[in-house]
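Below is one structure, written out as structure tokens, with a few remarks after it.
The values are calculated or read from the model by the stated rules, or taken from the named source; none is laboratory data. Only a predicted model underlies this, so the values are computations on that prediction, with no experimental measurement involved. Methodologically, a virtual Cβ is constructed for each residue, glycine included, from the backbone with ideal geometry; neighbour enumeration extends over all protein chains shown. Remember, those area values only see protein heavy atoms, side chains included, never the ligands or the DNA or RNA. Shrake-Rupley method; radii C 1.70, N 1.55, O 1.52, S 1.80 Å.
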Amino acid sequence: MPSDASPMSGRTECGGRARSPLHAFLRTETGSAAVLLAAALVAMAWANLGPGSYDKVWSTELSVRLGSGGVSLDLRAWVNSGLMTLFFFVVGLEARREFDLGELRERRRVTLPLLAGLSGMVVPVVVYLAVTAGHGPDAHGWGAAMSTDTAFALGMLAVFGSRLPGALRVFMLTIAVVDDFLALAVVVLVYSDTIEVPALLTALALFAVVLLLRRTIGARVPSLYGVLGVAIWVALLKSGIDPVVTGLAMGMLTYAYAAERGDLEHASRLFRRFREQPTPELERTVRHGLASTLSPNERLQQMFHPWTSYVIVPLFALANAGITLSAGQLADAFTSPVTLGILLGYTVGKPVGVIAGTWLTTRAARGRLHPPVGWGAITAGGTLAGVGFTVALLIASLAFEGDRLEQAKIGILAAVAGSFLLTWLVTLVLGALTGRSRARALLGTGQAIVDLSEPVDVERDHVRGPLDAPVTLVEYGDFECPYCGLAESVVRELLADFGDVRYVWRHLPLNDVHPNAQLAAQAAEAASRQDRYWEMHDLLMGHQGELGAKDLFRYAARLGLDSARFREDLRGGAGAARIAMDVESADLSGVSGTPTFFVNGRRHYGAYDIVSLTEAVRAARQRTTLTGAGQEG
């Protein structure tokens, strides 16, 4: 596959973005999982080689004062309650994006992962309480046995790669967000200190101001929200409530929306003005215009993901995973109700809770709700949900101290290893299945969400391949777009490899950056009126730098078209209405740049190289075989 610097990697497109925030998020979390694991191992090595220095460093006091007021915490508390607020902010941003643009924009789809996430928390708590029954103070740590670690779970999911379907990632992310919300609620209600009511009322008042500003000025003054977020954090801290909940709440309030073609065209005009007159004033205007084309959600994700994934979460592991280990201590831990309760809660309670919650919800819905993946993939998701680290350590540090805290940490780390082993075993079993059984276990029979607003119409659309093919690949393209030219060879290779795929081209000329794109599209439509559309299409894609009027007339002559009729149709704009219909359908489908692909009505995010598109087509064909829902449009 090409590197990320290549247009074929999907990172760049003409006039728009090619990789979704969800895809970028998963790539970042994949890399950070290794860094997180390394940080945890370093913490354990440090704690065993120099236990005095480990505790001394993280108990160092750090104060921030402003006048007579201020905040004074040790370094571990600054990491746990301060920096981790940004981690939960990023989780909130991604959840909001899924609600606005992703799978969860169909609100009925929220129900299943919501109830599965809830069940996946209740069952581990029941298991923990059963194990610690009769052991007094041990039962107080039940909160440490219930929460999935988002970064670790998604990182492990990526390790298994193509063994599991892509839709499982969104399902897991939703479960993790539910997990985080409820876990933070437990932190606030169960593990916070005595609540100071005046400070809590101040935090609530400030949050009300945020809601008011969101409805009035929107995102025009982002720094103001930052100041208010910090003020809410301080007020919650003073109230005795762990302030990390601030991050999740602020992230969930941050809008996500697709870049609109009109905004992108406005940004192009601003840049042309700057090119003609490069002044500092125009530079600021261009910068603001470019930023306004993207939603605040996407810009903030881009800003904070690397920091949370590669700095903050590993720092949290470094500050909290330090455990002094000895043979005697390990022997004591694995006979301790705390360690066993946490270990069994995650490795047994989590999978049972997620699977049972999904099954019961599906049964209760009586066919109205289906899992987005098959039951084999749901099982793998349940075992992956047994990775408890970040929030588990956070709650353990609030619930326990001394030997019990060490035992809780051993249980949490053992659960990480156990979860990985169980998931590996599940994928081995799934890999042993063949044909339709394996496809059903991985993909299920639920209907995927359809992103393409205008269904394919073989009487209107330009179709290449069998008209009754089970898989339809739709491309919105521009004849002058160089990335469409690169994708063209991939599409041809794909059609040669698959005899059961039909390919549809829809016009999206980006007139603000490609001056000849509209005329070239009209030339293709003029050729279509003489039943030679695809011949003209291929010529235009093969000569993207030569799309002037004289060039188009030359291509018409080469194809043996009626030159007078072609010239009349081209100059009269005979295909303009047809092109406008394609552009309108692109706008309704949220398409702002080229090339953009849809596979059986589902938008394809990420790279558009032969490997990625082949994988998408195969998955669509398998799903069509199971559900009988082919030729989506």
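A few points about this structure:
- Candidates in the stretch 124-178 are the residues that are aliphatic (A, V, I, L, M) and not in a helix (DSSP H, G or I); of these, the one that is farthest from residue 88 (Cα to Cα) is 133.
- Taking residues in the stretch 567-588 that are closer than 22 Å to residue 556 by Cβ and touching a residue at least 60 places away in the same chain (Cβ under 8 Å), and partners anywhere that are open to solvent by 20 Å² or more (accessible area, probe 1.4 Å) and not in a loop (DSSP other than H, G, I, E, B), the pairs with Cβ atoms closer than 8 Å and at least 6 places apart or on different chains are 579/518; 579/522.
- Positions within the stretch 539-558 being under 26 Å from residue 458 (Cβ atoms) and surrounded by 14 or more Cβ atoms within 10 Å (Cβ to Cβ), in sequence order: 539, 540, 541, 555, 556
- Going through (1) closer than 15 Å to residue 381 by Cβ; (2) part of a helix (DSSP H, G or I) one by one, residue 76 falls short only on (1).
- Tallying residues that are modelled with pLDDT under 85, within 30 Å of residue 195 (Cβ to Cβ) and among the basic types (Lys, Arg) within the stretch 237-295 yields 0.
- When 209, 178, 221 are checked against the criterion of being closer than 30 Å to residue 439 by Cβ and either among the acidic types (Asp, Glu) or open to solvent by 10 Å² or more (accessible area, probe 1.4 Å) (or both), 178 stands alone in meeting it.
- Hey, residue 480 in a loop (DSSP other than H, G, I, E, B) and free of Cβ contacts under 8 Å to residues at least 12 places away in the same chain or not: no
- The lone criterion from (1) open to solvent by 20 Å² or more (accessible area, probe 1.4 Å); (2) at pLDDT below 85 left unmet by residue 303 is number (2).
- Exactly one residue out of 271, 304, 334 is closer than 22 Å to residue 77 by Cα and either over 27 Å from the mean Cα position of the chain (by Cα) or not basic (Lys, Arg) (or both), and it is 304.
- For residue 472, the test of being β-branched (Val, Ile, Thr) and surrounded by fewer than 16 Cβ atoms within 10 Å (Cβ to Cβ) is failed.
- Options 145, 130, 158, 167: the member that is farther than 30 Å from residue 620 by Cα and open to solvent by 20 Å² or more (accessible area, probe 1.4 Å): 130
- Look at the stretch 90-109: where a residue is surrounded by fewer than 17 Cβ atoms within 10 Å (Cβ to Cβ) and a partner is at pLDDT 80 or above and not in a helix (DSSP H, G or I), sitting 6+ places away or on another chain with Cβ atoms under 6 Å, you get 100/256.
- Within the option set 524, 487, 496, being within 13 Å of residue 579 (Cβ to Cβ) and assigned to a helix (DSSP H, G or I) holds for one residue only, 524.
- Within the stretch 179-199, the set of residues being among the aromatic types (Phe, Trp, Tyr) and either in a helix (DSSP H, G or I) or free of Cβ contacts under 8 Å to residues at least 40 places away in the same chain (or both) comprises just one member, 181.
- Residue in the stretch 200-223 that is nearest to residue 141 (Cα to Cα), counting only those that are modelled with pLDDT under 90 and in a helix (DSSP H, G or I): 200
- Scanning the stretch 287-300 for residues that are small (Gly, Ala, Ser) and surrounded by fewer than 18 Cβ atoms within 10 Å (Cβ to Cβ) yields 291, 292.
- Against the test of being touching a Pro at 6+ places or on another chain (Cβ under 7 Å), farther than 25 Å from residue 556 by Cβ and modelled with pLDDT under 90, the options 512, 451, 468, 500 yield a single qualifying residue, 500.
- Among the residues listed as 308, 339, 335, 324, the single one being of a type outside the set (Lys, Arg), in contact (Cβ under 8 Å) with a residue 40 or more places away in the chain and open to solvent by 10 Å² or more (accessible area, probe 1.4 Å): 324
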